[in-house]
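Please treat every number below as a calculation from the coordinates, not as lab data. Keep in mind that what you see is a predicted model, and the values were worked out from it rather than measured. Cβ placement follows ideal geometry from the backbone for every residue including glycine, while neighbour counts extend to all protein chains displayed.
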Amino acid sequence: MIRFENVQKIYPDGTVGVGGITLDVAERSTTVLLGSSGSGKTTLMRMVNKMVTPTSGAVLLAGEDVAVQPTVALRRSIGYVLQDGGLFPHRRVVDNIATVPILDGVPKARARERALELMDMVGLDYDLAGRFPSQLSGGQRQRVGVARALANDPKVLLMDEPFGALDPLVRADLQRELRDLQRRLGTTILFVTHDVDEAFLLGDQVAVLRTGGVLAQVGTPEELLSKPADEFVADFVGADAGRRQLRTIERNGSRVVVDANGRPLGTLREDGGGVADGESS
């Protein structure tokens, strides 16, 4: 669905934002770009909707180079969710959600009807439709942001640390809801985060980036834990694993520890002496 072909982003001062990444994002799946600040994950994601132009290389969407696609039409065809929701403060919830369909010529009444359907889909009560963003909680604003991003039935959804500013309980609820929503709709999601737990919960595929926009490893969560490419990846994905073990499953010839949701947490040592890489039960 999305292909990054040896894309680079080098700024005028010589700073490397993205350093020659080739990556495929499969259709109807969630790929997570995982890395710390300065790893280029947001820069890479924004190449998809032409908010960032690569210095070299190409980004293909459904086989077509995004560089040759009309920018406005491209962006309206892609859902985009920001950390703060990116809502229009002067518009009510229902009108925020209906914005893009109306711009694309959908009659206002039908667009607002669809907005109410989407509110229900993302778990928002109808009585919030007439409120302004300032009258909502952080979790409600993010639900509105997701609903607005889905309003034009996009095939691709870009999400830039959308839950990073929320409290842990609300964040966990939205993560579960997003996972369920993706499975129902079959949307292709490219998700940016610095949080390993979030990446492993949501990602069918996780791309680990290191400082300087270098792709350290790409694989399933199980592959990253059972066969990390190097010490950097092993340390990064296992940094907070000490609180996560529950049970084991077999993956790629290794016994992988997973939690109650099936989220991979680590591997067991061959000598039977416990959990590898500092994990505990």
Please work out the C-alpha center-to-center distance from region 187-207 to region 109-159 and express it in whole Å. 22
Kirkwood Rh, angstrom, region 92-151 [1 / mean 1/r, Cα pairs]: 11.0
Degrees separating the helix 138-150 axis from the principal Cα axis of the chain, which is the longest one: 70
Estimated distance in nm for a label pair at ARG28 and GLN69, the labels positioned 7 Å out from Cα along Cα-to-Cβ: 1.9
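Shape verdict for region 169-230, please, from the Cα gyration tensor: rounded (a/c under 1.5), prolate (a/b greater than b/c) or oblate. Walk me through the numbers on the way to the answer.
Details: a/c = 1.95, a/b = 1.80, b/c = 1.08.
Because a/c hits 1.5 or more and a/b exceeds b/c, region 169-230 counts as prolate.
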What FRET efficiency would be calculated for the residue pair ASP13, MET121, taking the C-beta separation as r and a Förster radius of 41 Å, to the nearest 0.05? 0.40
Holding the Cα-Cα limit at 22 Å, pick out from LYS50/LYS155; LYS9/LYS50; LYS9/LYS155 the pairs that are longer than that. LYS9/LYS155
Here the net charge surrounding ILE102, from other residues whose Cβ is less than 13 Å away from its Cβ (Lys, Arg +1; Asp, Glu -1), is +4
Gain in span if fully extended, LEU103 to ASN6, counting 0.36 nm per residue against the direct Cα distance: 31.5 nm
Residue-ordered couplings for region 208-220, obtained by feeding phi - 60° into the Karplus form 6.51 cos²θ - 1.76 cosθ + 1.60 and rounding to whole Hz (Gly and Pro as x), are 8, 10, 10, 3, x, x, 9, 7, 7, 6, 10, x, 6
Computed from the coordinates I sent, semi-axes √(5λ) of the Cα gyration tensor in Å equals one of (1) 40, 29, 16; (2) 78, 20, 16; (3) 34, 24, 15. Tell me the label. (3)
If you plug each phi of region 36-53 into the Karplus form 6.51 cos²θ - 1.76 cosθ + 1.60 with θ = phi - 60°, what whole-Hz ³J(HN,Hα) values come out, in order, with x for Gly and Pro? 7, 4, x, 8, x, 5, 5, 4, 4, 4, 6, 5, 5, 9, 6, 6, 10, 9
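Determine the gain in length on full extension of the stretch ALA58-SER36; use 0.36 nm per residue of separation and subtract their C-alpha separation, reporting nm with one decimal.
Numbers: separation 22, 0.36 × 22 = 7.92 nm, distance 2.41 nm.
Contour length minus the Cα-Cα distance gives 5.5 nm.
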At what distance in nm do the modelled label points of ALA229 and ARG176 sit from each other, each positioned 7 Å from its Cα along Cα→Cβ? 3.4
Environment charge of GLU177, counting only residues whose C-beta is closer than 12 Å and scoring Lys/Arg +1, Asp/Glu -1: +4
For every other residue with a beta carbon closer than 13 angstrom to the beta carbon of GLN69, add +1 if it is Lys or Arg and -1 if Asp or Glu, then tell me the sum. +1
